[in-house]
Structures are given as structure tokens and as C-alpha cells.
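Below is one structure, written out as C-alpha cells; the observations come after it.
FYI, it's all coordinate maths here, none of it is from the lab. Keep in mind that this is a model prediction, so the values were computed, not measured. All Cβ positions, even for glycine, are placed from backbone atoms using ideal geometry, and neighbour counts span all protein chains on display.
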Amino acid sequence: MSDLYEIDCVDSHFHIWDLKKFQYPWPTSAEEAIFQNFSPHDLETNLTKTPVRHAVFIQCLNGTPDEAKWVISQAEKYPFIKGVVAGIDLTSPKLPEVLDDMQKYALFKGVRHILEMEKPDWIIREDVHTGLKVLEEREIPYDLLLRPPHLKYIPSVVSKFPRLKFVVDHIAMPYVKDKKIDGWREEIAEIAKYPNVYCKLSGLVTEGDWNCWKAGDFQPYIDHVLACFGIDRCMFGSDWPVCNLAKADYKTVFDLLQSLLSSMTFEDKKKIFKLNAANFYKLDLN
């Protein structure tokens, strides 16, 4: 498991937040383990325990580009931040102007919207598609934060925008705790047929039993995703600090995926842990 120390790995999915600076709908005091500020310094400390040297911030707030600008402003002091995926309102008539502004920043690498805060069919709305078309024209990737009820809507969307790169976050959050794979398995396979769709091997531990998960719980799901998407369209993501909910620190999450991919060649691991994320988000790793 030490071979990855030969490369500078990329984390395609981390968060930070400042509970006083922004009003976050989540986490709340009910999520005691993560209801506190998490800074770039906190993450930097965690990275030193792993081979990860580059990371991509993923939005926590919908429709708030100020959050992305706040993270970008910290990248000069914390150069491991190599990209920022912003929360931008795709349905806003001012979307082109907002994107014009964001594209002034080299670290702006993509857009995401937290679908759990919308009706399940939000992603197929025409005003949303108008926004996705703008992203496609500008070659700005889109993160799909999905749960199993969303999956049936996705093939019609990703097929409509074949030149837009999508990435499914957290393998679409299957019901690992309940050991349920039917349904999710078939719908993930359908989505993977579209070559413009990628998948993050992230968010695993929080879909398992927070108190007693084990690596074997996730193996069938990871194996299926790799079989469907292939080595070239999957990437590592920590989902730090959300992983703390399942009593898993950063190194634990990193080591978990290494163990799940233990039979993989070094060259394939290099794609999963570095190259695919760098290519997807067009990261400058210098």
C-alpha cells in the first residue's frame, strides 16, 4: 500500500466551512462530529499523513459563488488547493454574467448544486437544462450529487449534453448500511454507458453503518462502479470532513480505498488517485 507515496495524489472532493462566515443549512448541531469550523490548515495537517498533495474544494452552499471566492482567496497560503467547484444557480437569468466573473479565477473548475434541497426531478427542469447548456458551451464540468431516487432521471440529462463532462459524487450514495445493491446497480450501469460521465470513489464510510462499518461492506459497490465506468473515469475523493461522521479520519478514508483497490496495478492506481481528477478538472499541478 506504500506505492502511492511515489506520486503526488489528488483528492477530488473536500470541504471546508466557517459557521460564522456563511449560513449553512447543513451540518447542524445534530451532526456533532462536524458541527464546527474546518479550515485549510486543518486539511493540510491531515494531508501530511498521506501521499495526497493536491485537492479540489466542492461547494457546500447552493447559489453562492461568494463561498467559492472565499476558498480561492485562501489558495495562495494553501497551494494544495488546486481547484474549486462552486455553488452557482443554473436557473438564474444572470448565469452568463456570474460565470464571466468566476472564469476570471484560474482555480474555478466546475459547478455543483445540492439536489437534496430540491424536488427529486429538479435535474430535468427546462430552466436547469438552459443552465447546463451554458456550462457545456463553456466546457465547465458539473458535479452530480445524487442519491438512488435521482438516478432514473440522469440518462436523459447526460445524453442531452454529450459535450458536458459530468461526475457522479460518492458513487450516488447507495444503501450500503442496508446491504441493498439492487436498483442502484442497474441504474449506475445505465449512466456509465455515457462516456461524458465520470464517478468519484468517495463518500463511502458515511453510507455504511457509522459505528461498525468494515472495508468489505463497500467492495461490491466499488467493484461494480469500476466494472461499469472503467479505470479511466473513476477518481478518489475523501469527502473530508464529512467522513468524520463515521468515525473515519482523512488517512482512514484514503487507506480504505487503497485496500479496496489492492489488486489494481500501480499504473491504474495512479489514474484513480491522480491523473483522472487532474484531467477532468484541468488542474495545474505545478
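Which percent, to the nearest 5, of DSSP beta bridges fully inside the chain are antiparallel? Provide the component values of the computation, followed by the final result.
Working: 1 of 27 bridges.
The antiparallel fraction comes to roughly 5 percent.
Which log10 I(q)/I(0) values, to two decimals, does the stretch 17-65 give at q = 0.12, 0.23, 0.27 Å⁻¹ under the Debye formula with one point per Cα? Each listed q maps to, in turn, -0.33, -0.98, -1.11.
Taking the radius of gyration and the Kirkwood hydrodynamic radius from Cα positions alone, what is the Rg/Rh ratio for the stretch 3-281, to two decimal places?
0.93
Using the C-alpha gyration tensor of the stretch 162-229, what are the square roots of 5 times its eigenvalues, in whole angstrom, with the largest one first?
23, 12, 9
Phi-derived couplings, Karplus 6.51 cos²θ - 1.76 cosθ + 1.60 at θ = phi - 60°, listed residue by residue for the stretch 41-46: 4, 4, 5, 4, 4, 5 Hz, with x used for Gly and Pro.
Run the numbers on the chain and let me know its relative contact order in percent, using alpha-carbon pairs under 8 Å that are six or more apart.
Details: 498 pairs, mean separation 58.2, N = 286.
Normalised by residue count, the contact order of the chain is 20 percent.
Shape summary: the stretch 189-286 maps onto an equivalent ellipsoid whose semi-axes, from the alpha-carbon gyration tensor, are 22, 16, 13 Å in decreasing order. With θ taken as phi - 60° and the Karplus curve 6.51 cos²θ - 1.76 cosθ + 1.60 applied, the whole-hertz 3J(HN,Hα) list for the stretch 99-106 is 5, 3, 5, 5, 6, 6, 9, 4 Hz, x standing for glycine and proline. Computed as a quarter of the hull surface, the mean projected area of the alpha carbon convex hull for the stretch 115-241 stands at 7.9 nm².
Net charge of the neighbourhood of Met264, taken over other residues with C-beta under 15 Å away and scored Lys/Arg +1, Asp/Glu -1, is -2. Within the shell of other residues whose beta carbon sits under 11 angstrom from the beta carbon of His13, the net charge comes to -2, with Lys and Arg scored +1 and Asp and Glu -1. Packing, taken as the mean count of other beta carbons within 10 Å per residue, orders the peptides 232-245, 212-225 from highest to lowest as 232-245, 212-225.
Here's how it looks for Gly83: its modeled amide H is under 5 Å from those of Ala55, Phe57, which are all 5 or more places away or on a different chain.
Couplings 3J(HN,Hα) for the stretch 216-229, derived from phi with the Karplus relation 6.51 cos²θ - 1.76 cosθ + 1.60 (θ = phi - 60°), are x, 4, 9, 4, x, 6, 5, 4, 5, 4, 5, 5, 7, 8 Hz, where x marks Gly and Pro.
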